[in-house]
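Following: one structure in structure tokens, then a few remarks.
Read-outs throughout are calculated quantities, based only on the coordinates presented, and are distinct from any laboratory measurement. Quantities reported herein were computed from a predicted structural model and do not represent experimental measurements. As a convention, Cβ positions derive from the backbone with ideal geometry for all residues, glycine included, and neighbour counts pool all protein chains shown.
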Amino acid sequence: NAKILIEAGAYDLAIAQLQQATAENPDPNDLYNLGLCFEAIGDFGLAQNTYREAWQAEPENLLFAQGLGRIERLRREHPQLQRQLESR
């Protein structure tokens, strides 16, 4: 289960599992969890894209909007991240 892997900090394994799952069926919850993994390993560009995809699928989901908002806040607070975010 990807959530167990995330809780254990096994982000690479969770990413592999979630990427396979979302390739077959892009479930917004799986996309959000994938975004959490990317955020945890510092890949903010992929985190932003993945959170956005989850949020676009369910715009009423506040958790998805919060994930996207965290990345936006990081971008404002750390301008050096802007290049990484723009390259995605």
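Of note:
- Whichever residue in segment 35-54 is in a helix (DSSP H, G or I) and without any contact (Cβ under 8 Å) to a residue 24 or more places away in the chain and, among such residues, is farthest from the chain's Cα centre (by Cα): R52
One line per residue, one yes/no per condition, for (1) acidic (D, E); (2) touching a Ser or Thr at 6+ places or on another chain (Cβ under 9 Å); (3) surrounded by fewer than 19 Cβ atoms within 10 Å (Cβ to Cβ):
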site	(1), (2), (3)
Q19	no, no, yes
D27	yes, no, yes
E53	yes, yes, yes
E58	yes, no, yes
P79	no, no, yes
